[in-house]
Structure formats: C-alpha cells, structure tokens
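The structure appears below as structure tokens.
The values are calculated or read from the model by the stated rules, or taken from the named source; none is laboratory data. Source: prediction; values computed, not measured. Here the Cβ is made from the backbone with ideal geometry for all residues, glycine too, and neighbour counts use every protein chain on show. Surface areas here come from the heavy atoms of the whole protein model, side chains and all, with no ligands, DNA or RNA. Shrake-Rupley method; radii C 1.70, N 1.55, O 1.52, S 1.80 Å.
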Amino acid sequence: SRPISRDQFILGKILGVLALNLILVISLGVLLWGLLTLWNEPSKTLSFAEICLSLWLESAVILSFVIGFSLVVRPVLALSSGFVIFLLGHWLSDLAFFAEKSKEVFFINAVKVLHWIVPNLYKLNWKSDYFLENGIPGSSVAWMLAHMISWFLVYLLLTNFFFRRKDIV
C-alpha cells in the first residue's frame, strides 16, 4: 500500500466506524420496527426512519468528538468526555431553566457558553411515542441535519488539526 496522509487516515477511521455504526442502527431499527409492527401502519414508517437518522447523526457527532479528543488525552478519558458531552447536550435546556431560576450570574453565563460549545442534542429528543404518532415537522428535520452535520464537520476539522500537530513515535 502507498503512504497515506494523516487527513486520509483520520477520515478513513471515522468513516469506517460510522459505517459500522450505520449497520448497527439499521439492524436494530429493523428489529424494533418489526417488534412495534409498524408494517401495519405505513404512515409511521417515515417518522421512525427520521428518529433512527437522528440517533445515527447524534452518535456520529459524539464519535467525531471522542476520536478527536483521544488524540489529546488517554482514550478512556476521551470516552468519558464523550459521555459527558452526550449528557450535557441533552441537559442544556434543563440547565438553562435552573440557571434562570437561581439568578446566579456565573451559572447563567456558564450555560450560555455551554450552548456554544456543546451540540444541542435536547432538540433532537424525538424518542417518544408522540413523534412516532404525529410525525416530525420538516423544518425540524432540516434543522437537525444542518446542526448535526455542522458539529460533525467542526469536530472532524479539529481532529485533523490535532492529528497534524501530533508527533508519531
């Protein structure tokens, strides 16, 4: 094989894990689709596919963060940080609510900063029966695609930046 650049290595690593993750999400989605007997209700199939897509994109963003952060710190710490980003992303609206109720200036400003450095995963919490029954508005799906792809690209660019600066022994 010919030598590859660091950018190609990172891109191949992330795309390989994303492909494996896609296979996992599709297989588990088909299993859940069968268990929910959604073939009797074709109107819910599109909503179910959008929910599965949001789960896959969410995992892609967390994965790109973990791979990039693992270049700077130990892999276990990077994995733990990915879990923290996942939890913070889902808890941002609750943190903002508690910050406003506490009227603590530092807490309010810290939550505002977190809104800029953590993906807003709470806006993609479509895992309830409500969204399966009523569907997801097209504007929300478009926002989800733009938001998650943007975060994925930001983390991918940061990963490439850190990997170019890293000394390989």
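For the range 136-168: of the residues being of a type in the set (D, E, K, R) and free of Cβ contacts under 8 Å to residues at least 60 places away in the same chain, which is most open to solvent (accessible area, probe 1.4 Å)? Show your work before the answer.
The first filter runs over the range 136-168 and keeps only residues of a type in the set (D, E, K, R), leaving 164-167.
Applying the additional criterion that residues be free of Cβ contacts under 8 Å to residues at least 60 places away in the same chain yields 165, 167.
Values: Arg165: 158, Asp167: 132 Å².
Among residues in the range 136-168 that are of a type in the set (D, E, K, R) and free of Cβ contacts under 8 Å to residues at least 60 places away in the same chain, the one most open to solvent (accessible area, probe 1.4 Å) is Arg165.
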Filtering the range 118-135 for residues that are touching a helix residue (DSSP H, G or I) at 6+ places or on another chain (Cβ under 9 Å) and open to solvent by 30 Å² or more (accessible area, probe 1.4 Å) leaves a count of 7
Selection over the range 124-155 where residues are within 23 Å of Phe65 (Cα to Cα), part of a helix (DSSP H, G or I) and not hydroxyl-bearing (Ser, Thr, Tyr) yields a count of 14
- [ ] State whether one or more residues within the range 96-111 are surrounded by fewer than 16 Cβ atoms within 10 Å (Cβ to Cβ), outside any loop (DSSP other than H, G, I, E, B) and within 21 Å of the chain's Cα centre (by Cα).
- [x] no
Filtering the range 112-169 down to residues that are more than 18 Å from the chain's Cα centre (by Cα) and under 25 Å from Ser81 (Cβ atoms) yields Lys112, Val113, Asn160, Phe161, Phe162, Phe163, Arg164, Arg165, Lys166, Asp167, Ile168, Val169
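So, of the residues in the range 35-53 that are among the β-branched types (Val, Ile, Thr) and at pLDDT below 85, which turns out to be nearest to Ala146 (Cα to Cα)?
So, considering only residues that are among the β-branched types (Val, Ile, Thr) and at pLDDT below 85, the one nearest to Ala146 (Cα to Cα) is Thr45.
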| Going by the structure shown, is Glu50 loosely packed, with under 14 Cβ neighbours inside 10 Å and of a type in the set (D, E, K, R)? | no
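Conditions tested, residue by residue: (1) open to solvent by less than 90 Å² (accessible area, probe 1.4 Å); (2) in a helix (DSSP H, G or I); (3) under 18 Å from Lys127 (Cβ atoms); (4) touching a Phe, Trp or Tyr at 6+ places or on another chain (Cβ under 6 Å).
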residue	(1), (2), (3), (4)
Ile4	no, no, no, no
Phe9	no, yes, no, no
Gly12	yes, yes, no, no
Ile23	no, yes, no, no
Leu32	yes, yes, yes, no
Trp39	no, yes, no, no
Ser43	no, yes, no, no
Trp56	yes, yes, yes, no
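Restricting attention to the range 58-93, and to residues there that are small (Gly, Ala, Ser) and under 30 Å from Glu133 (Cα atoms), which single residue is surrounded by the fewest Cβ atoms within 10 Å (Cβ to Cβ)? Talk me through it step by step, then tell me what you get.
The first filter runs over the range 58-93 and keeps only residues small (Gly, Ala, Ser), leaving 59-60, 64, 68, 70, 78, 80-82, 89, 93.
Then keep just the ones that are under 30 Å from Glu133 (Cα atoms); that gives 59-60, 89, 93.
Values: Ser59: 19, Ala60: 22, Gly89: 21, Ser93: 14.
That would be Ser93.
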